[in-house]
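Below: one structure, written as structure tokens.
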Amino acid sequence: MNWRPRSSLALLTLALGAAAAGWVRGEVYQEADAFVAEVFGTVPAPKVLWLTKDIQAQAAAILGHPPAQLRQRYWSDAHKSVWILEEIGKEELITAGFVVADGRIDHVRVLVYRESRGQEVRYPSFLKQFKGAKLAQGARLDREIDGIAGATLSVGAMERMARLALFFDRMSRQ
Amino acid sequence: MLFFLILAVTGLILNHGAGLGLDGRYVHAGWLARWYGIQSEPPREAFRSGHHVLVAANGRWLLDGRISGERLPQPVGLIELAGIFVVASETALYVFREDGELIEKLGPGMLPGVPVRAIGSSVRSIVLRTASGVFTSADALSWRPSAQRSVLWSAPAELSVAQRQAYEEALTPGIPVQQLLLDLHSGRFAGRYGPVFVDLLALLLAAVSVTGAWLFLVPRLHRGRH
């Protein structure tokens, strides 16, 4: 029976089995609560932004698909808000933390990366492009984000999440 | 002819897979999973709470009769509270609205402790038994240690053989569409010698192209000289 497509499937079976068993958490660079604590000094009580139909529609326009959940938790003070967002790069979710201060991205960090390629999006040399970015016309960023060869989809996911964080921050302050 | 058609079509689709929205899509068929040698794991138990039922296997959930997800973790319990129900796995909590729409997924950094060993309910609150202790929350936002004794813990119910077979069919593991197309395109779908066959086809196609061009051009070159 060695004529079956075994080599590629051994990997596929392993990936499916591992994911189902819950051992594949990807590369965890920082836990969400540690990221929040780093921003505020301690972990404040989370707040919740409920995604009304209108917010869902605008979030869907940013993401290119409907948001996965009906409420989004965040942490904030008078100037800053922190958003932990997830978006699929190619096949797996990327978890990233976004700090928004006065309507602009203050800093970004990739917290968990699960894709097999494209980890370069976690490097500061890439992430620093987001610093100071704000929402422009059509819920786009006010600047172009340079891509990374071989990580096009992950770069796209990071940009969509940055736009979503800025949009959610705006909604949370209305 | 058919092989060339398969090569051309799969190649075209692969080139535009992202644009066609094929990323993250799966094909579910028992015969395909068997062909790929993937062992389908039959579900052994179900979680029930109120009128909600959850059966899980192969990374997929059958929640109130609706299939969801491809790489979901094995649940450890299901509870129902007023207007919501909550599914717990070892590392995440999924809070659903009564109609099955996901309100929020809570990952490890948002839980009071991991792994979650059990989920229960008590006086309109969610109760989690974790490796770090027992915690309770009314809104799944803030958690506090709990010493409540009257907790109704979620426990799985064994499935009958007939139920297992029926659910296994519904929860057949999937093959990523991109993987399937890639295997068809490269010939790996046919096994070890598939790529060799595709290589031979490619050489044949190259030979046909070269000889075709030769037959077309050479008589014209000769005519031009005379």
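Quick note: the coordinates plus some simple rules give every number you see, no bench work behind them. Computed from a predicted structure; not experimentally measured. Cβ: placed from backbone, ideal geometry, glycine included. Neighbour counts: every protein chain shown.
Pick out, in residue order, every one of the trypsin sites (Lys or Arg not before Pro) in the stretch B:111-163 that is DSSP loop and has at most 13 other C-beta atoms within 10 Å; say none if there are none. Don't skip to the answer; put the middle values down first.
Details: sites: B:117, B:124, B:129, B:149; in loops: B:124, B:149.
Listed in order of number, the matching sites are B:124, B:149.
Taking only Cα atoms, what is the 0 to 90° angle, nearest 10, from helix B:2-15's long axis to the longest principal axis of chain B?
50 degrees
Please list log₁₀ I(q)/I(0) at q = 0.23 Å⁻¹ for the stretch A:60-136, using the Debye equation with identical point scatterers on the alpha-carbon positions.
Values returned for q = 0.23 Å⁻¹ are -1.28.
Give me the mean projected area, in nm² to one decimal, of the convex hull enclosing the Cα positions of the stretch B:45-171.
7.4 nm²
Could you let me know the centre-to-centre spacing of the stretch B:178-226 and the stretch B:14-79, using Cα atoms, in angstrom?
One Cα centre to the other: 40 Å.
Using all alpha carbons of the protein assembly as shown, what is the percent of pairwise distances in each 10 Å bin, ordered from the shortest bin to the longest?
Percent of pairs per bin, in order: 4, 19, 26, 23, 15, 7, 3, 2, 1, 0, 0.
With Cβ to Cβ distances under 15 Å as the rule, what net charge do the other residues near residue A:144 carry (K, R +1; D, E -1)?
With Lys, Arg at +1 and Asp, Glu at -1, the neighbours total +4.
Stretched out fully, how many nm does the piece from residue B:162 to residue B:123 gain, at 0.36 nm a residue minus the Cα gap?
Full extension from residue B:162 to residue B:123 adds 10.4 nm.
Using a Debye calculation, one point per C-alpha and no hydration shell, please list log10 I(q)/I(0) for chain A at q = 0.08, 0.09, 0.14, 0.15 Å⁻¹ in order.
Values returned for q = 0.08, 0.09, 0.14, 0.15 Å⁻¹ are -0.27, -0.34, -0.76, -0.86.
Using the reciprocal of the averaged 1/r over all distinct C-alpha pairs, how large is the Kirkwood radius of the stretch B:24-95 in Å?
The Cα-based Kirkwood calculation yields 13.3 Å.
How many angstrom lie between the Cα centre of the stretch A:50-83 and the Cα centre of the stretch A:107-157?
Using only Cα atoms, the two centres lie 18 Å from each other.
Scan around residue B:53 for amide H atoms under 5 Å from its own, H built in the peptide plane at 1.01 Å from N, and keep only partners 5 or more places away or cross-chain.
So residue B:53 has HN proximity to B:64.
Would you mind counting up the charge near residue A:89? Only other residues with Cβ under 14 Å from its Cβ, with Lys and Arg at +1 and Asp and Glu at -1.
Overall, the nearby charge balance is -4.
For chain B, what is the convex hull volume of its Cα atoms per residue in Å³? Intermediate results must be reported in sequence, preceding the final value.
On the way: hull volume 38.5 nm³, N = 226.
With only Cα atoms used, chain B gives 171 Å³ per residue.
Which entries in A:47/A:131; A:53/A:131; A:47/A:90 show an alpha-carbon gap greater than 28 Å?
Those over the limit are A:53/A:131; A:47/A:90.
Just flag the GluC sites (Glu not before Pro) in the stretch A:87-174 sitting in loop per DSSP whose Cβ has no more than 13 other Cβ atoms within 10 Å. Please report the intermediate quantities before stating the final value.
On the way: sites: A:87, A:91, A:92, A:115, A:120, A:144, A:159; in loops: A:91, A:92, A:115, A:144.
Of the GluC sites (Glu not before Pro), the ones in loops of the stretch A:87-174 whose Cβ has at most 13 other Cβ atoms within 10 Å are A:144.
Using the number of other C-beta atoms within 10 angstrom as an exposure proxy, rank A:171, A:158 with the fewest first.
By the 10 Å Cβ count, ascending, the order reads A:171, A:158.
What is the spin-label model distance, in nm, from residue A:149 to residue B:67 if the labels are put 7 Å beyond Cα along the C-beta direction?
About 4.0 nm separates the two model spin labels.
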